[in-house]
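Asker: Handing you this structure, nothing more for now.
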Amino acid sequence: MPRPVPYDMKRQPRPETSAEAVRVGEELRDARLSLGVSLEEMAEQLRINRRYLAALEEGRVRDLPGVAYATGFVRSYATMLGLDAPDMVRRFREGAGIATAPKDLVFPEPVPDRGVPAGAIIMVGTVLAIAGYAGWYYWSGSSTRTVDEVPALPPRLEQSAREAGAPPLPGVNLPDSAGQSQPPGTPPASTATPRVNP
């Protein structure tokens, strides 16, 4: 059964060795030997596994755990030995084929301040509200309004309403039928009750 490959190894295939990675590893080994430090002592000081340091010195990129870890190992190793760590990391990444092009960062620009200021909008709203209220007050409370006058009921209808027993309408003064003389030959007015057919 094949061994599962870590996610990082699936994304970027790494070469076995490269010339630049080998040169970086040789520089690291030469600097360590010039200080008289063994590989085991360096692994203990850096707290990096001895086999990873050996793979780094020999330029075996495939034996390193991953791009991020390998880059960190080179940086720590070069710093401990007093070498130019950023340059070593750059060279190692280029030699291992994992150099990335610098990204152009695009920062969002603030939106220019344009349009009508908020104070002007509030002012226009206030003026419109006052003008609307003034117009409503003028048209609803004005004394110059005219009302159509309803003509009075004809006396004949008023008389028949009184005979039927309806109360008189307020504000209408008609002469009483009792005080009027009836023409001769007319029967006296009587209150008639309507007949209901059974």
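The values are calculated or read from the model by the stated rules, or taken from the named source; none is laboratory data. Quick caveat, the model's predicted, so the values are computed rather than measured. Heads up: the accessible areas ignore ligands, DNA and RNA and are worked out on the full protein's heavy atoms, side chains in. Shrake-Rupley method; radii C 1.70, N 1.55, O 1.52, S 1.80 Å.
Asker: Report the gain in length on full extension from ARG62 to ALA152: 0.36 nm times residue separation, minus Cα-Cα distance, nm rounded to one decimal.
Answerer: Values: separation 90, 0.36 × 90 = 32.40 nm, distance 11.45 nm.
This chain segment gains 20.9 nm when fully extended.
Asker: Tell me, what is the 1.4 Å probe accessible area of SER140, in Å² to the nearest 10?
Answerer: Accessible surface of SER140 is approximately 50 Å².
Asker: Continuing with this model, one more query. With every protein chain kept in the model, how would you rank LEU28, LEU105, LEU46 by accessible area, 1.4 Å probe, largest at the top?
Answerer: The residues order as LEU105, LEU46, LEU28, largest area first.
Asker: A further question follows. Of ASP87, ASP63, ASP113, which has the most accessible area and how do the rest follow, probe 1.4 Å?
Answerer: From most accessible down to least: ASP113, ASP63, ASP87.
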